[in-house]
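FYI, it's all coordinate maths here, none of it is from the lab. It should be emphasised that the depicted structure is a prediction, and the values quoted were computed from it without experimental measurement. Backbone-built Cβ (ideal geometry, glycine too); neighbour counts: all protein chains shown.
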């Protein structure tokens with residue numbers, strides 16, 4: 001996230017969306033206990049269905065780029081890894097939408 005090679009930004013965004021839906025309801029509000037089930041399911045399915053062949057959930061593992069190396073970054077945007085990341089973002093958004101629509 002943030003061009004550091006840490007946790008995939010698509011996953012961070014999905015977790016934020018789940019937090020917005022099921023998190024605390026105001027300053028004194030209670031959180032919806034389903035947040036834990038949805039978070040676990042999202043992480044499990046992200047690992048098993050979306051990035052299973054990449055060895056982890058970190059951007060550096062997925063993209064295989066040292067984001068501090070300008071040459072590697074330039075090659076990333078010219079190659080197939082960029083398209084793979086775009087697929088991951090789309091698949092993660094779809095999964096998040098499915099989870100949020102279900103919410104029963």
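Relative to the longest principal Cα axis of the chain, at what angle does helix 80-102 sit, 0 to 90 degrees, rounded to 10? With both axes taken from Cα atoms, the answer is about 10 degrees. Helix 34-45 and the longest principal axis of the C-alpha atoms of the chain enclose an angle of approximately 30°. Between helix 9-22 and the chain there is an angle of about 10 degrees, using the helix long axis and the longest principal axis of the Cα atoms. Take the Cα of residue 41, go 7 Å toward its beta carbon, and the backbone nitrogen atoms of the range 88-102 under 11 Å from that spot belong to 96-102.
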